[in-house]
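The values are calculated or read from the model by the stated rules, or taken from the named source; none is laboratory data. Only a predicted model underlies this, so the values are computations on that prediction, with no experimental measurement involved. All Cβ positions, even for glycine, are placed from backbone atoms using ideal geometry, and neighbour counts span all protein chains on display.
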C-alpha cells in the first residue's frame with residue numbers, strides 16, 4: 001500500500017490527499033503538523049533531505065517528494081492527466097506557475113498570517129509585495145477561467161487539483177477573492193467533483 | 001519551425017536554448033533582454049498573459065510557457081526524459097524543487113546584484129534570507145551529487161539541464177560555490193556533454 005507523509009494544514013499536502021480521494025486509492029497516512037518536529041527528525045531527513053512534506057512512499061519503499069511531482073506520478077494513466085504531449089505540457093505549465101508564482105506568494109502570505117511561529121513576519125515590508133504578487137497570480141488564473149471551465153480546457157486535470165490547494169484558502173491570506181468571479185465558480189466546480197474531500201479530511205493514522 | 005522567445009541573460013531562457021542545442025533542433029529565436037519592454041507589450045501579453053520569458057511557439061502556432069514545461073515537452077521521447085514512471089517522477093521532483101526552492105533564492109539574489117533596475121533591493125533584509133535559502137538549496141543538490149553523477153542517477157536528464165540554468169551562474173549571486181565540490185564536478189560534466197553551448201550563445205535573430 002502507498003504511504004503518504006503529509007501536513008494536515010498544508011495546501012501542498014492537501015493536493016495529494018485530494019487526488020488520492022478523487023482516484024479512490026487507499027493509503028496509509030502519517031501526519032506531521034507544522035511545528036510537530038517530524039520534518040526535522042533525522043529519520044525523516046533520511047527519507048527526504050529537503051525536509052518537506054508531502055512525501056510519498058511506494059509499496060516497494062521508493063520515495064517521491066514535491067507535491068506536484070507526486071500528483072503527476074499518481075495521475076499518470078488516469079483521467080486527470082492527458083496522454084497528448086501538448087495537453088500534458090499545459091498541465092505542466094500551470095503546475096510550474098503554481099510552484100513559482102502562486103505558492104510563493106499566496107501560500108506564503110497565508111502562512112505568515114495563520115501560524116503563530118511566523119507572527120514576526122507580519123510587517124508591511126513582507127506582506128505588501130506578497131499581496132501584490134498573489135493578486136497578480138490570481139489575475140492570470142482568472143483570465144484563463146473566463147475562457148475555459150478548467151485551467152487547461154474543458155476537462156479537470158491534475159493542474160486544477162494543484163492550483164486548488166492554495167487558491168481555495170487564499171482568503172485566509174487576505175486576498176480579495178470577490179474580485180475573481182471565474183475563480184470562485186471554478187472552486188465550486190472542483191468541490192462538486194465526485195470523491196471530493198475538504199482540507200480537514202484526514203484518513204486514519206497509520207500505526 | 002519552432003520559435004523561441006527568450007531573454008539572453010536569463011537562466012530560465014538559457015535552459016531551453018541549452019536543451020535545443022543538445023537535441024540539435026533548429027528554431028527561430030526572438031530575444032527580449034531585461035528592460036527591453038518586449039514582455040510588457042500588448043502583443044506579447046496576448047501570447048503569454050503571465051508576461052514572462054521563455055515562451056515556445058510550435059509550428060502550428062500553439063504556445064507553451066514556463067521554462068520547465070517547455071523542457072519536458074521538448075525532451076519527451078529523447079534520452080533526456082526517461083519513459084519509466086518513477087524515473088520521470090524524479091525528474092519532476094527536481095524540476096519543481098528548482099522552481100520553488102532554487103530559482104526563488106539563487107536566481108532572485110543574482111538578479112538583484114546584477115540588474116541595475118533592481119539596485120534598490122540590495123539591502124541585508126532582502127539579501128540575507130536569499131543567501132541562506134540558496135545555500136540550503138545547493139546543499140540538497142550537493143548531497144544528491146555526492147551519491148550519483150547526475151541528479152536522478154547515472155544518466156543526464158532534463159532535470160540536470162533545468163538545475164544547470166541558475167546553478168552555473170550562482171557565484172554572481174554571491175553564493176559560496178567552493179563549499180560544493182560535487183556540484184562543481186557536475187557543472188563540468190554538463191559543460192562537456194556533446195552539443196553544449198554557453199549562456200552567451202544565441203542563434204541568429206528571426207526577422
Residue in the range B:125-142 that is nearest to residue B:82 (Cα to Cα), counting only those that are at pLDDT 95 or above and loosely packed, with under 14 Cβ neighbours inside 10 Å: B:132
Going by what's in this entry, would residue A:66 be described as in contact (Cβ under 8 Å) with a residue 40 or more places away in the chain, within 11 Å of chain B (Cβ to nearest Cβ) and in contact with a helix residue (DSSP H, G or I) (Cβ under 9 Å, 6 or more places away or on another chain)? no
Unique residue being more than 15 Å from the chain's Cα centre (by Cα) and assigned by TED's automatic domain parsing to the domain that holds residue B:168 when the list is B:45, B:136, B:62: B:136
Note on the range A:53-68: residues buried (at least 24 other Cβ atoms within 10 Å of the Cβ) and either assigned to a helix (DSSP H, G or I) or on the phi > 0 side of the Ramachandran plot (or both) are A:66, A:67, A:68
Please work out if residue B:199 is more than 14 Å from chain A (Cβ to nearest Cβ) and either assigned to a helix (DSSP H, G or I) or within 21 Å of residue B:21 (Cβ to Cβ) (or both). yes
The one condition residue A:190 fails out of (1) surrounded by fewer than 22 Cβ atoms within 10 Å (Cβ to Cβ); (2) in a helix (DSSP H, G or I); (3) touching a residue at least 40 places away in the same chain (Cβ under 8 Å) is (3)
Checked A:21, A:28 against criteria (modelled with pLDDT of 95 or more, surrounded by fewer than 23 Cβ atoms within 10 Å (Cβ to Cβ) and either assigned by TED's automatic domain parsing to the domain that holds residue A:157 or part of a helix (DSSP H, G or I) (or both)); the one match is A:21
